[in-house]
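Note sheet for the following structure.
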Amino acid sequence: MYEFINFTDLDDVQKEMIFRWRNDERVAKFMIHKAIGWDEHLKFLNDLKTKSNKQYFLIKNGGGVCRRD
């Protein structure tokens with residue numbers, strides 16, 4: 001069964017995991033800004049709370065996770 005966790009509801013461990021994924025070279029090469037800092041990451045997550053036109057989810061499948069946005 002899949003569990004969808006809104007990025008606005010991530011715990012600290014999940015926030016750090018997403019941050020590492022985002023800055024991984026295999027992901028960052030597709031981003032406009034190749035790497036971001038921790039404070040910028042936290043600001044992005046916090047700003048999602050006020051944006052009604054964007055939603056990001058961490059999807060867990062049993063014990064594993066995948067990313068979808």
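The values are calculated or read from the model by the stated rules, or taken from the named source; none is laboratory data. For clarity, every value in this text was computed on a predicted model and none was experimentally measured. So basically every Cβ, Gly included, is an ideal-geometry build from the backbone, and we count neighbours across all protein chains shown.
Taking K60, is it in a loop (DSSP other than H, G, I, E, B), modelled with pLDDT under 95 and on the phi < 0 side of the Ramachandran plot?
Details: in a loop (DSSP other than H, G, I, E, B): no; modelled with pLDDT under 95: yes; on the phi < 0 side of the Ramachandran plot: yes.
No; evaluated as a whole, the condition is false for this residue.
Mind checking which residues of the range 27-48 are surrounded by 14 or more Cβ atoms within 10 Å (Cβ to Cβ) and outside any helix (DSSP H, G or I)?
Hit for the range 27-48 is I36, nothing else.
How many residues does the range 1-26 hold that are in a helix (DSSP H, G or I), acidic (D, E) and over 16 Å from Y56 (Cβ atoms)?
Qualifying residue count, the range 1-26: 2.
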